[in-house]
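Nothing in this text is a laboratory measurement; each read-out follows from the coordinates by a stated rule. What you are looking at is a predicted structure, and each value in this text was computed from that prediction instead of being measured.
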């Protein structure tokens, strides 16, 4: 995960960049009282990721409402990934490699135990949608 947090976002994979952008825009839209579905939906449609929209929103809602500890997400213009952003990208990469044990472990560290399976399933669906659309994670 050090590779994810130490390298600028513009030097990460396209999937990592798009997912991180979506996370940051989702949080900013929520804080600003904007419709998160509209903000992220447009970006996902443009990238051919419509099927990632529903599980992405489910994952973000689970994270924001059930975090074990305060989560730190970067602003849209921040060049480096936060620890939590890197954990999510790592989980997506693990899901793409069928390493569900890693996805579960990361989810269990981020949210309360009863919601970890839900977060894991959402991240798995997001990852698979990204991979089907030609995006990868590092």
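Calculated translational diffusion coefficient of the chain (25 °C, 0.890 mPa s; Stokes-Einstein with Kirkwood radius over alpha-carbon pairs) equals 168 µm²/s. For the pair the stretch 1-34 and the stretch 85-125, the centres of their Cα atoms are 17 angstrom apart. With the helix formula -39500 (n - 2.57) applied to DSSP H stretches of n ≥ 4, the chain reaches a computed 222 nm mean residue ellipticity of -21000 deg cm²/dmol.
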